[in-house]
There are 2 protein chains.
Amino acid sequence: MNVNPTIHDVARAAGVSIKTVSNVLNDNPKVGPETRLRVRRLVDEMGYRPNLSARGLRSGKTGVIGLAVPSLREMYFAELADSVIRAAAKRGLRVVIEQTNGDRELEIATLSGGQMRFIDGLLFSPAAIGQQDVDVLTTDDPLVLLGERIFGGPTDHVTMHNTSSARAAVEHLLGIGRTKIALIGAPEQPADEASSANLRERGYRQALEHSGIGIDPRLVVRGGSWRRETGVAAIRRLRASNVEFDAVFALNDTLALGALRALAQDGLRVPDDVAVIGFDNLDEGRFSLPSLTSVDPGRDEIAETAVALLVNRIQEKDARAAPKTVKSGFRIVQRESTGFGDGDGGRLPSA
Amino acid sequence: MNVNPTIHDVARAAGVSIKTVSNVLNDNPKVGPETRLRVRRLVDEMGYRPNLSARGLRSGKTGVIGLAVPSLREMYFAELADSVIRAAAKRGLRVVIEQTNGDRELEIATLSGGQMRFIDGLLFSPAAIGQQDVDVLTTDDPLVLLGERIFGGPTDHVTMHNTSSARAAVEHLLGIGRTKIALIGAPEQPADEASSANLRERGYRQALEHSGIGIDPRLVVRGGSWRRETGVAAIRRLRASNVEFDAVFALNDTLALGALRALAQDGLRVPDDVAVIGFDNLDEGRFSLPSLTSVDPGRDEIAETAVALLVNRIQEKDARAAPKTVKSGFRIVQRESTGFGDGDGGRLPSA
DNA sequence: GCCCATAGGTACAACGTTGTACATTCCACC
DNA sequence: GGTGGAATGTACAACGTTGTACCTATGGGC
């Protein structure tokens, strides 16, 4: 028995032509039920599995898509990757993950690189390139953009309601009676450029201005990457500046978790002294102490939509359709850090 | 300008044969410097990129390896995937990630599935199949096993020093004066079967027996998956049973983080009242409150070794070599939860 | 001036699959 | 009893690349 039988071996064993075997494998109709059965049995017996390189060469499709993200060490991207892999698996696709490390050169290389003659399409979540690089997205290969760094590009784009969900987050804090709401993880300087940070800051401002409270610049902590240390440092800065605050809106969960830590260390009670809300609804927030209220940006929906758009482009159903932009729905998942619950991380308002 | 030029297009443009272009691309010597230059320039100008399906078909190698893990939502596997992708990238390989969800059928399907005619080799981290399934690993395709569920199989295997590092963890607790050391995440029933849980429990027993303290079965909390809730529940069980304990060895970091949460909720100080040590050295433990002492099992080393072994098998340098088993080195990373530091998560003994 | 080595190339087949176009059988129908 | 048309198949080319075998100048050694 050959170690790796080809379609020829199966055909010979079955006494039919290779095309007939191919037809059986692809459920083409032109095969009699008896022949079909015999071929199927031999395929199983011989352990035949089609060579995807050959199939890919012939058909121009490999059944593999790429997902480019900064790093799986960032939980947001690990969870996104999980969702994307599941969405792809549903459609019989596999996913190659490319880590760009938030490196500009690597991101550009990924977009224009040899990668593209191998995968059928790419889901790309940029971290370094921005609006000014919009032209590097111009390509004939199927590409779906994720995230907030580039808008109005030439490709399909899946993003979230950053501004309105951020506004809802702040309104949630207002709703539980907080008025001195700090913002942490804000961009280095407020700008109109589209980025998660800017868009979410805008939501913060809208909520406060609309409520009549207005913005106190001392409550806005700017700068730093969205890591836990930054959340810790932000709380330290607020405390050191002696400004009073009774709530914190962290622009993502990782920052929020750092903030929780720093607040606990300073003996401040959450939510009694300070309420905290994050953004991303990471698994982790369900089990922090206290558990973390967060904006759920609909990661599964984002993944599902992005894969669906990509598949459409790959199949060229949409060959030359205008680029589409889709925003996923969001919701606030309330947990202990804004007052929900009895201190039991096990009972939560949502899965 | 053709959208996707092939080697033929480049050859025609350069006025040479396709083989010459191929030779230039593969740095074969039989090309004059002038021709080489001209071809190179045209490759750039035309944006030619080799079709990897064709190359894969011809050469039998795709440049893609698979990594099968239960789920990227488990931080351990996300970090492992990060390390594997980096190790693979160093060697010019890409990684397809397959999630098995800890599902037996899916794991077996992954091993014997169509996957294999597409990737050059597979790194497989089982979560459901065990020693009794050792024969499903028998395959002619390059396969490297990760983890502790199966030993003595027919493939290369990368694992860690579970028992001795667990023993070292407990000895670390003994070393800071703790004697009533609880174990959480222990297997449902103690067994000889090789699994992370059993092997690590064995280390716990060895340390305590060797120290003369011996095992108090009331301190061993059995059952539950290694999730945060389980860590929370384990502490609750210990507290409810009224047994005294001054330290906790959690069989992984996720459990330990749950334990930290439950301890804090009960007003117990860590490490003053209860010291805690985990296992895995996740990024997350660096930023928990308090930061978490943990066993670092050498994930980068594991990834690096596993990819190296796989590449050897793929290149058949080792065509029929006996299966190798490699154990990575380990070390204890001491942080606040066992007494290190001043409460500042920013200053740590190691990156 | 001849032979031979060598550098620099070329032609062709092959990898395993699927699409296109055509072949054969069998039966229903007029 | 010929005609048409399903039903069931087959042969061959083609996808883009690389390995094998070969070809052709050129120049050096004698």
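For chain B, what's the relative contact order in percent, using C-alpha pairs closer than 8 Å and at least 6 residues apart?
So the answer I get is 14 percent.
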## Note on the structure
With x for Gly and Pro, the residue-by-residue ³J(HN,Hα) of region B:186-202, computed from phi through the Karplus equation 6.51 cos²θ - 1.76 cosθ + 1.60 at θ = phi - 60° and given in whole Hz, is 5, x, 3, 9, x, 8, 8, 3, 7, 8, 3, 4, 5, 5, 6, 4, 4
#### Entry: Alpha-carbon centroids, region A:16-79 and region B:259-306: separation in whole Å
44
### Query
What average number of partner chain Cβ atoms lie no more than 10 Å from the Cβ of the residues making up B:70-77?
5
### Query
What is the Cα centroid distance between region A:189-217 and region B:101-137, reported in whole angstrom?
50
### Query
Pick from B:LEU25, B:LEU255, B:LEU123: which is most flexible by mean-square fluctuation in a GNM of chain B where alpha carbon atoms under 10 Å apart are linked?
B:LEU25
### Query
With θ set to phi - 60° and the Karplus curve 6.51 cos²θ - 1.76 cosθ + 1.60, what are the ³J(HN,Hα) couplings of region A:11-23 in order, to the nearest whole Hz, using x for Gly and Pro?
4, 4, 4, 8, x, 10, 7, 4, 4, 5, 4, 4, 5
### Copies compared at A:ILE176 - label distances in nm, ascending, label defined 7 Å from Cα in the Cβ direction
3.2
#### Entry: Compactness of the protein assembly as shown - radius of gyration and Dmax, Cα, Å
27.7, 86
### Query
Taking each residue of B:54-60 in turn, how many C-beta atoms of other protein chains fall within 10 Å of its C-beta, and what is the average?
5
#### Entry: Between 0 and 90°, nearest 10: helix A:253-265 axis offset from chain A longest Cα axis
40
### Task
Can you check what the net charge comes to around A:LEU122, using other residues whose Cβ is under 15 Å from the Cβ of A:LEU122 (Lys, Arg +1; Asp, Glu -1)?
0
#### Entry: Calculated Rg and Dmax of region A:76-127 using C-alpha coordinates, Å
11.6, 33
### Query
Once a ≥ b ≥ c are taken as the square roots of the eigenvalues of the Cα gyration tensor of region B:2-122, is the result rounded (a/c under 1.5), prolate (a/b larger than b/c) or oblate (a/b not larger than b/c)?
prolate
### Summary
Each label sits 7 Å from Cα toward the beta-carbon; between B:ASP27 and B:GLU244 the label points are separated, in nm, by 6.8
### Task
Could you pull out the pairs from B:LYS30/B:LYS61; B:LYS30/B:LYS324; A:LYS180/A:LYS327; A:LYS327/B:LYS90; B:LYS30/B:LYS90; A:LYS19/B:LYS324 whose alpha carbons sit more than 32 Å apart here?
B:LYS30/B:LYS324; A:LYS327/B:LYS90; A:LYS19/B:LYS324
## Note on the structure
Calc'd 3J(HN,Hα), region B:52-67, phi into Karplus 6.51 cos²θ - 1.76 cosθ + 1.60 (θ = phi - 60°), Hz, glycine/Pro = x, comes to 6, 5, 5, 4, x, 5, 5, 9, x, 10, 9, x, 10, 10, x, 10
### Task
Taking each label point as 7 Å beyond Cα in the direction of the beta carbon, state the distances from B:ASP273 to the same residue in the other copies, shortest first, in nm.
1.9
### Query
If R0 is 45 Å, what FRET efficiency do you get for A:HIS8 and A:ALA321 from their C-beta distance, rounded to 0.05?
0.65
### Query
Considering only DSSP beta bridges with both partners in chain B, what is the antiparallel share in %, to the nearest 5?
10
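Is region A:162-292 best put as rounded, prolate or oblate by its Cα gyration tensor, with a ≥ b ≥ c the root eigenvalues, rounded for a/c under 1.5, and otherwise prolate when a/b is larger than b/c, oblate when not? Intermediate results must be reported in sequence, preceding the final value.
On the way: a/c = 1.31, a/b = 1.22, b/c = 1.07.
Here region A:162-292 falls in the rounded category.
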### Query
In the protein assembly as shown, what % of DSSP beta bridges are antiparallel (nearest 5)?
10
### Query
Going out from 0 in 10 Å bins, what whole percent of all Cα-Cα distances in chain B drops into each bin?
5, 22, 25, 19, 13, 8, 5, 2, 0
### Distance in nm between pseudo-label sites at B:LEU37 and A:ASP140 (7 Å out along the Cβ direction from Cα)
3.0
### Query
All other residues with a Cβ under 9 Å from the Cβ of B:THR293 taken together, and with Lys, Arg as +1 and Asp, Glu as -1, what is their net charge?
0
### Query
Summing +1 for each Lys or Arg and -1 for each Asp or Glu, what net charge is found among the other residues whose Cβ lies under 10 Å from the Cβ of A:ILE97?
-1
#### Entry: Amide H contacts of B:ALA186 (H built 1.01 Å from N, under 5 Å, at least 5 apart or other chain)
B:VAL221, B:GLY223
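Just so you know, all these numbers are worked out from the coordinates, no wet-lab data involved. Source: prediction; values computed, not measured. Cβ: placed from backbone, ideal geometry, glycine included. Neighbour counts: every protein chain shown.
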